[in-house]
1. Can you figure out the FRET efficiency of Ser31 with Ala85, using R₀ = 25 Å and their beta-carbon distance, to the nearest 0.05?
2. Can you tell me the dipole magnitude for the chain around its Cα centre, using point charges on the Cβ only (Lys, Arg +1; Asp, Glu -1), in Debye to the nearest 20?
3. Just round it to a whole percent: the fraction of Cα-Cα distances in the chain exceeding 21 Å.
4. Amide H to amide H, which residues 5 or more places from Ala85 or on other chains are under 5 Å from it, using H placed in the peptide plane?
5. Through the Karplus equation 6.51 cos²θ - 1.76 cosθ + 1.60, θ set to phi - 60°, convert the phi angles of region 87-94 into ³J(HN,Hα) values in whole Hz; use x for Gly and Pro.
6. Out of every Cα-Cα pair in region 47-98, what percent are more than 16 Å apart?
7. With axes computed from alpha carbons, what is the tilt in degrees of helix 10-25 against the longest principal axis of the chain, rounded to the nearest 10 within 0 to 90?
8. Would you work out the relative contact order for the chain, in percent, from Cα pairs under 8 angstrom that are 6 or more residues apart?
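Computed from the coordinates by the stated procedures, all read-outs in this text should not be read as laboratory data. No experiment lies behind these values; they were computed from the predicted model shown. FYI the Cβ positions are ideal-geometry reconstructions off the backbone, even for glycines, and counts take in every protein chain you see.
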Amino acid sequence: MESVYNHADSRQVADKLNFVIRMLNGMSGGSITLANSVTTTTVINAAVTPDSEINLTATSAAAATENPWISSKSNGSFVITHASATTTRTFDYVVFAV
């Protein structure tokens, strides 16, 4: 998203605000516990598209030391790649429609 260059241009300001509103309206989220003894966990969420922005936030001590990443996104799901472990690693996530 580009910034507003002319704050006096009401059309330009409205376009940027409408973009933010669309993004927030498309926001979805939840909580996920990474699967044990495997290296990927699939999250099902209807709001996800290949263009979605997905943010993870650790909510357990074991999750805080984890370095997961979103390895793929498709319509309705995304895959988190992570280390194999047997500890409970819980994350909150938010999906932003782009």
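1. With a Förster radius of 25 Å, E is 0.90.
2. Its charge dipole is roughly 140 debye.
3. 43 percent
4. Hits under the 5 Å cutoff: Ser37, Val38.
5. Once rounded to whole Hz, the list reads 8, 7, 10, 10, 10, 8, 9, 10.
6. The proportion of pairs with Cα distances above 16 Å equals 41 percent.
7. For 10-25 against the chain, the angle is about 20 degrees.
8. Reported relative contact order: 37 percent.
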